[in-house]
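These notes concern the structure reproduced below.
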């Protein structure tokens with residue numbers, strides 16, 4: 001039997017219980033318990049002095065690269081980075097090598113993650129090898145542990161195939177996550193199409209490349225009644241479509257990433273490949289629209305789209321560089337800036353980074369209810385630090401936030417009562 005743990009004098013913020021108060025949280029045998037049920041004298045006590053106690057953060061969009069590209073990231077290293085960022089669970093995309101389009105790969109991921117520092121929820125591919133031609137076997141992947149479906153990084157071009165995918169996914173009660181990109185508009189582009197791309201002489205990707213595909217996905221979700229989730233939203237146009245769909249009762253949710261409400265296309269100046277991603281960084285008007293959408297509920301979740309790449313893929317000409325950045329260890333800090341700036345309140349932040357991802361994926365977590373598993377994150381909103389990529393727990397260093405002075409971070413992460421990260 002493990003010793004009890006008392007998280008003392010913390011600010012417990014749990015939107016699932018409409019709770020925001022200074023109180024103690026008690027943990028015993030990996031579960032959240034009532035202190036009256038344990039021997040208070042036999043407990044490890046952590047005095048938190050008002051630091052936040054929140055349900056363990058859940059990142060519903062990461063790339064862990066294993067199997068196939070372990071030189072960029074492994075499930076183990078990615079989960080260590082997740083724990084350091086305050087995450088107790090992550091959902092990993094299927095664009096591994098081989099693609100997670102069958103139960104064998106799904107099962108492998110689950111087995112590799114069994115003893116890691118975070119829960120790992122595999123997301124299976126919509127189509128075989130994510131090539132957009134034939135549907136993968138959803139039932140077998142779900143039985144092996146898949147929680148959702150996507151061809152992330154490779155949009156499903158064939159509308160008929162996407163309709164069939166939504167119908168098939170619905171029969172298995174699986175969520176479809178869409179990488180919304182109209183490739184006939186984006187092909188060959190490497191940043192947002194606009195004044196900056198023209199100045200740099202780089203081929204651009206118009207905002208319409210995202211919004212056109214978002215419109216199609218919403219139309220198909222309305223036709224099929226399927227549950228749809230729009231990944232990494234970056235444009236004001238797409239937000240308008242999502243908001244309208246929600247108002248009409250269509251079963252759609254959406255996420256954005258911290259880089260879309262923190263940076264703009266200007267970060268690309270100097271041909272900075274660490275600011276190259278897909279969808280690309282957009283305009284200041286888009287950034288402001290995303291911040292508003294996080295507040296008003298048009299956007300449901302904040303996810304990192306953690307995409308590790310080695311220097312071999314980034315230290316090249318801009319148009320040849322790989323898309324994506326690592327984000328697990330900076331996400332919370334960048335998101336806390338929204339609270340300090342009055343865009344959202346602390347409860348809304350916890351909703352976006354824990355409660356909503358759990359509900360959308362249909363997985364455990366997102367609550368600190370007595371009797372629940374003790375997946376807990378302790379946040380110090382005042383802690384100031386400088387983020388150095390070379391000290392990251394990730395195996396990759398591709399981030400535009402290297403050397404940034406940040407405020408607010410996870411200082412303790414607990415997975416089923418086990419401390420996976422501590423910096424009190």
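What tally of residues in region 133-165 results from selecting those that are at positive phi and touching a helix residue (DSSP H, G or I) at 6+ places or on another chain (Cβ under 6 Å)?
1
What are the pairs, 6+ residues apart or on separate chains, where a residue within region 150-169 that is free of Cβ contacts under 8 Å to residues at least 40 places away in the same chain and in the same structural domain as residue 96 (by TED's automatic domain parsing) has its Cβ under 8 Å from a residue that is assigned to a helix (DSSP H, G or I) and surrounded by fewer than 18 Cβ atoms within 10 Å (Cβ to Cβ)?
157/183
Quick one: would you say residue 64 is surrounded by 21 or more Cβ atoms within 10 Å (Cβ to Cβ) and in a loop (DSSP other than H, G, I, E, B)?
yes
So which residues in region 288-311 are surrounded by 19 or more Cβ atoms within 10 Å (Cβ to Cβ) and more than 18 Å from the chain's Cα centre (by Cα), if there are any at all?
289
Of all the strands (runs of 3 or more DSSP E) wholly in region 359-424, which have at least 3 residues that are crowded, with 18+ Cβ neighbours inside 10 Å?
So the answer is 376-386, 405-415.
Yes/no matrix, rows are residues, columns are (1) without any contact (Cβ under 8 Å) to a residue 60 or more places away in the chain; (2) under 23 Å from residue 154 (Cα atoms):
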position	(1), (2)
263	no, no
269	no, no
274	no, yes
282	no, yes
292	yes, no
295	yes, no
307	no, yes
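Is it the case, given these coordinates, that residue 356 is surrounded by fewer than 19 Cβ atoms within 10 Å (Cβ to Cβ) and within 28 Å of residue 229 (Cβ to Cβ)?
So residue 356 does not fit the description; no.
When residues of region 67-79 are filtered for being surrounded by fewer than 22 Cβ atoms within 10 Å (Cβ to Cβ) and either touching a strand residue (DSSP E or B) at 6+ places or on another chain (Cβ under 6 Å) or assigned to a helix (DSSP H, G or I) (or both), how many remain?
Of the residues in region 67-79, 1 are surrounded by fewer than 22 Cβ atoms within 10 Å (Cβ to Cβ) and either touching a strand residue (DSSP E or B) at 6+ places or on another chain (Cβ under 6 Å) or assigned to a helix (DSSP H, G or I) (or both).
The values are calculated or read from the model by the stated rules, or taken from the named source; none is laboratory data. Values in this document were obtained by computation on a predicted structure and should not be read as measured data. Glycine gets a Cβ as well: all are built from the backbone with ideal geometry, and neighbour counts include every protein chain shown.
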